[in-house]
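One structure is given below, encoded as structure tokens.
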Amino acid sequence: MHRRNVMLLAGLCAGAVVAMLVAAATLHPTGPAAASAPALGTAPPLTTSVATTATSAPPPTTHAKPRPTPDASGLPSGGELAKLLPGKLSVLVHDRKNGDDLVSYRPDATYTSASLVKLLIAFEALRQGVPAGTVSQMLSRSDDEVASQLWSKLGGPGLVTSWASRIGMTSTRPPVDPGHWGSTVVTASDLVRLYEYLMDKAPETTRQVVLHALDGATEHGADGFDQYFGIPGAVTAADWAVKQGWSCCDPGRDLHTSGLVAGRRYIVVVLSAQSAGTGWPEASDRVTAVVKALSGPLGWER
């Protein structure tokens with residue numbers, strides 16, 4: 001090998017060694033800089049902005065199942081409904097979306113209200129600042145003791161007269177016996193007006209408190225009575241807000257179901273006065289049968 005070539009080869013080798021040393025120093029620094037670097041395998045923490053973005057991402061889009069188009073042509077007649085419930089019966093189904101009464105059978109016949117008057121007591125109680133929890137208990141559990149206390153405190157028969165006038169419940173009258181709030185006189189037409197007031201004209205706080213209570217109506221009332229007859233027994237679960245009513249000996253069995261169904265689109269009122277000899281389970285089943293006859297054509301069935 002020529003000396004010139006030997007010298008060139010030696011120079012190339014020396015250069016390679018220097019380059020390797022520089023690279024090693026770069027990859028594995030020593031001193032303060034090395035002490036402040038994160039250890040191998042230790043990832044830096046995620047930044048706050050990344051974490052926030054991850055947790056605040058919108059949930060997947062869901063699409064509610066469309067409701068079936070109401071088929072009013074398939075609804076039973078008043079006479080057909082009356083065959084399902086021997087005794088006195090009134091039925092009124094009001095479509096809030098279209099403003100139509102889809103079923104109207106004896107809407108102006110009078111009945112004792114039983115616990116339906118608690119809706120008027122609730123309006124006055126909330127107007128006078130009674131705690132929402134007290135009002136909710138009276139409505140959702142149909143608590144007679146709370147109703148009696150509020151009735152005495154808030155004016156008794158006078159609150160019925162005042163609220164009936166304000167809402168336009170032209171046939172509603174306070175009880176003859178001022179201490180017996182359950183004997184307030186009502187009609188299906190007037191109760192539809194009451195629910196229209198609740199949904200369209202009541203103060204927002206009143207509407208929220210009352211609807212929350214009606215949405216949460218318990219299976220059994222404070223007296224142990226099974227409240228899940230009528231609307232709750234016939235309409236798709238969790239798609240109703242109801243106020244029920246029941247009383248005996250006035251002179252027979254009064255059993256009523258009322259409320260909002262199908263996303264609050266429909267106001268449903270079924271009032272009945274059945275014979276005193278009818279057992280409560282049978283009387284309840286009859287009211288449920290009436291609502292079931294409406295549920296199929298209107299798409300509310302369970």
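Each reported figure results from applying straightforward, stated rules to the coordinates on display, with no laboratory input. Keep in mind that this is a model prediction, so the values were computed, not measured. In this analysis, Cβ positions are derived from the backbone assuming ideal geometry, glycine residues included, and neighbour counts consider all displayed protein chains.
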Across the alpha-carbon set of region 164-203, Rg over Rh with Rh taken as the Kirkwood radius works out to 1.03
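Report the FRET efficiency, 1/(1 + (r/R0)^6), for S73 and W280, where r is their Cβ-Cβ distance and R0 is 35 Å, rounded to 0.05. The partial results should precede the final answer.
On the way: r = 35 Å, r/R0 = 0.99.
With R0 = 35 Å, the Cβ-Cβ based efficiency is 0.50.
Roughly speaking, what is the stretch gain from N98 to R207, that is 0.36 nm per residue apart minus the C-alpha to C-alpha distance, in nm to one decimal? Present the calculation step by step, with values, prior to reporting the outcome.
Numbers: separation 109, 0.36 × 109 = 39.24 nm, distance 2.12 nm.
Full extension of this stretch gives 37.1 nm more.
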Roughly what would the spin-label model give for Q128 and R302, points 7 Å off Cα along C-beta, in nm? 3.9
When we measure straight from the Cα of K292, which lysines land under 27 angstrom away, once same-chain ones fewer than 8 places off are left out? K65, K83, K88, K97, K118, K243
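Cα-based Rg of region 77-298 per 2.2 N^0.38 Å, rounded to two decimals?
Working: Rg = 15.7 Å, N = 222, 2.2 N^0.38 = 17.1 Å.
Against the empirical 2.2 N^0.38 Å value, I get 0.92 for region 77-298.
So what is the relative contact order of region 77-298, in percent, for Cα pairs below 8 Å that sit 6 or more residues apart?
On the way: 418 pairs, mean separation 55.9, N = 222.
In percent, rounded to a whole number, it is 25.
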Between D200 and C248, what is the label-point separation in nm under the 7 Å Cα-to-beta-carbon projection? 4.0
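Run the numbers on region 177-271 and let me know its relative contact order in percent, using alpha-carbon pairs under 8 Å that are six or more apart. Intermediate values should be presented prior to the final figure.
Values: 106 pairs, mean separation 21.4, N = 95.
In percent, rounded to a whole number, it is 23.
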Can you work out the Karplus-derived ³J(HN,Hα) for every residue in region 272-280? Use 6.51 cos²θ - 1.76 cosθ + 1.60 with θ = phi - 60°, whole Hz, and x for glycine or proline. 9, 10, 10, 5, 5, x, 7, x, 4
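At a Förster radius of 25 Å, what calculated FRET efficiency corresponds to the Cβ-Cβ distance of H220 and Q149, to the nearest 0.05?
Values: r = 21 Å, r/R0 = 0.83.
The value I calculate is 0.75.
Across every pair of different alpha-carbon atoms, what Kirkwood hydrodynamic radius in Å does region 222-302 reach?
Numbers: mean 1/r = 0.0786 Å⁻¹.
That comes to 12.7 Å for region 222-302.
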Residues other than R286 with Cβ under 11 Å of its Cβ, Lys/Arg counted +1 and Asp/Glu -1, net out at +1
Under the Karplus curve 6.51 cos²θ - 1.76 cosθ + 1.60, θ = phi - 60°, whole-Hz ³J(HN,Hα) for region 198-211, x wherever Gly or Pro sits: 4, 7, 10, 10, 5, x, 4, 4, 4, 4, 5, 5, 5, 5
Residue-wise, which Karplus ³J(HN,Hα) couplings in Hz belong to region 247-262, taking 6.51 cos²θ - 1.76 cosθ + 1.60, θ = phi - 60°, and x for glycine or proline? 7, 10, 6, 9, x, x, 9, 8, 9, 10, 10, 8, x, 10, 9, 6
